[in-house]
Amino acid sequence: MRDLSLHVLDIVENSIAAGAKNIKIIINENIEKDVLTLTIQDNGKGIDKKTLDKVIDPFYSTKKIRRIGLGLSMLAQATKEADGSFNIESQKGKGTAITATFVYSHIDRKPIGDMAETLITLVATQGLNVDFIYEHHKNSHGFIFDTKSIKQELKDLPLNDPEVINHLRRNLNEELEKL
Amino acid sequence: MRKLKIGDLEKIREKVRRTANLRQGKARAKITVHMGTCGIAAGARDILSTLLKEIGKKKLKDIIVTTSGCAGLCSREPMATVEITGKPPVKYVDLTAEKIKKILNIHIIKGNIINDYVLAIGSERTH
């Protein structure tokens, strides 16, 4: 994966495959402390304890549990390359939370990439069935993108209408530029 | 913290009203972009976003764009499956932004399959 936004897309696709209806993505760029934190939380079916121990092993994969593949191990590897950490917590039936940290200024830290395009991809294809919350903090600035409240604003307009998607893409890009 | 508002809502509402809305239920075609780890690493997001932008430009309201997991042919990613109502699904492989634009214009809009990009025609199962 060339950047973190692609890792996010990949992990969130896991959440959707696990039946999640609410997915929260948080990116925190703390330049003062030189830490970049990525958190993804879902309310999918969760992973049992036995499987959880193996999920970042790239050679652990089973067709019965398609939720786990190379995706998590590649993100874990990306954190390692940038002197960061990787943590996954899960409760069967409740959901999964993944936290990845990176040394912000590390030369091998992957760029964040195009988060607007990742969110638009998710909203356009899954937004009618899944609610997404995206928080992006950079030092003391930040914004929240919450599809549940956008849906309320839209009322009868479907979230995946091409006009709405174009508008959301523009809005997200503007917000990200302001950071 | 500041919440992103959609703003300009009335303008969008008006635009959407002007173009007949067939999106809910009455789709003419469905395009599934394969978004497994392999697909994403090979550029599936760019394929999907090209598709969304073109659909937006052409104001096509009766096309569903969705995603699926890995179909087991990672070396042929990015892949997409096109289903036109009443026709067997067509699986396209080794996609680029240019190829998906052509698929949209020639297959989905005009109904002619682009054989050069096709892997298979017929039913599929994704995991």
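The values are calculated or read from the model by the stated rules, or taken from the named source; none is laboratory data. Every value quoted in this text rests on a predicted model; they were computed, and no experiment measured them. Note that each Cβ is placed from the backbone with ideal geometry, even for glycine, and that neighbours are counted across all protein chains shown. Note: areas computed on protein heavy atoms with side chains; ligands, DNA, RNA excluded. Shrake-Rupley method; radii C 1.70, N 1.55, O 1.52, S 1.80 Å.
Each label was represented as a point 7 Å from its Cα along the Cα-to-Cβ direction; for A:Gln77 and B:Asp8 these points are 4.1 nm apart.
Restricting the chymotrypsin sites (Phe, Trp or Tyr not before Pro) of segment A:1-103 to loop positions (DSSP other than H, G, I, E, B) with no more than 13 neighbouring Cβ atoms within 10 Å leaves A:Phe59. Using the Cβ-Cβ distance between A:Asp57 and A:Gln152 with R0 = 41 Å, the FRET efficiency computed as 1/(1 + (r/R0)^6) comes to roughly 0.45. The apolar share of the surface of the protein assembly as shown, taken as the fraction of accessible area on carbon and sulfur atoms (1.4 Å probe, ligands and nucleic acids excluded), comes to 50 percent. Normalising the Debye intensity of segment A:4-178 to I(0), with uniform scatterers on Cα atoms only, and taking log10 at q = 0.09 Å⁻¹ returns -0.32. The distance between label points at B:Lys26 and B:Ala97 comes to 3.4 nm (points 7 Å beyond Cα on the Cα→Cβ vector).
I'd like the interface area for chains B and A: accessible area of each alone minus the complex, both sides summed, 1.4 Å probe, protein heavy atoms only. What is it in Å² to the nearest 100? Protein heavy atoms only, the B-A interface buries about 3800 Å². Using a cut-off of under 11 Å, list every residue of segment A:69-113 whose amide N is near the label point 7 Å from the Cα of A:Asp3 along the Cα-to-beta-carbon line. Answer for segment A:69-113: A:111-113. Taken per residue, the accessible surface of chain A reaches 45 Å², heavy atoms only and a 1.4 Å probe.
For the modelled label position 7 Å from the Cα of A:Asp34 along Cα-to-Cβ, which residues of segment A:98-127 have backbone nitrogen atoms closer than 15 Å? Zone members listed by number: A:102-109.
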